[in-house]
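Computed from the coordinates by the stated procedures, all read-outs in this text should not be read as laboratory data. Predicted, not measured: the structure shown is a model, and the values here were computed from it. Neighbour counts are summed over all protein chains in view; Cβ atoms, including those assigned to glycine, are modelled from backbone coordinates with ideal geometry.
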């Protein structure tokens with residue numbers, strides 16, 4: 001993953017759409033905390049937080065946490081969800097449906113509904129932002145005109 005993909009969530013969002021098993025390194029079944037922090041550019045503290053929230057469930061070997069392919073996939077899903085504005089609770093709801101036993105059909109339907117709701121909410125926010133920008137642009141033009149009428153310039 002390139003830095004740009006990580007910063008802008010490009011790969012992560014693709015992982016969200018692709019589902020659980022996308023992008024896992026071949027032949028790897030176990031990942032250390034260091035592996036995941038490097039791969040996903042998150043801190044160990046972040047991984048422990050997700051563990052506390054029940055989103056990840058690593059096994060323990062003494063003090064060492066060992067993450068499975070499933071944990072890795074869940075982490076990708078959590079980060080992708082966060083990248084597009086879902087709360088951890090919304091992500092958890094979608095993740096919990098993975099084990100429903102219907103080949104992810106329920107998970108995909110629920111995720112699709114949540115995606116549509118999120119798109120609708122963002123479209124409304126975008127319209128409001130566009131309205132405010134237009135109003136500020138008109139007000140700015142009026143102020144510039146008043147300053148110009150007084151022979152003053154805008155810095």
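Taking a virtual spin label 7 Å from the Cα of residue 60 along the C-beta vector, which residues in the stretch 86-113 bring their backbone nitrogen under 19 Å of it? Of the residues in the stretch 86-113, none has backbone N under 19 Å from the label point off residue 60.
Residue separation times 0.36 nm, minus the C-alpha to C-alpha distance between residue 87 and residue 110: what's the value?
Values: separation 23, 0.36 × 23 = 8.28 nm, distance 1.48 nm.
My answer for the length gained is 6.8 nm.
Both radii were evaluated on the Cα set of the stretch 78-150; the Rg over Rh quotient, with Rh as the Kirkwood radius, amounts to 1.38. Within the P(r) computed for the stretch 108-155, what percentage of the Cα pairs occupies the region above 13 Å? Roughly 68 percent, rounded to a whole number. Relative protection proxy for 66-74, 140-148, 103-111, from highest mean packing down: 66-74, 103-111, 140-148 (other beta-carbon atoms within 10 angstrom).
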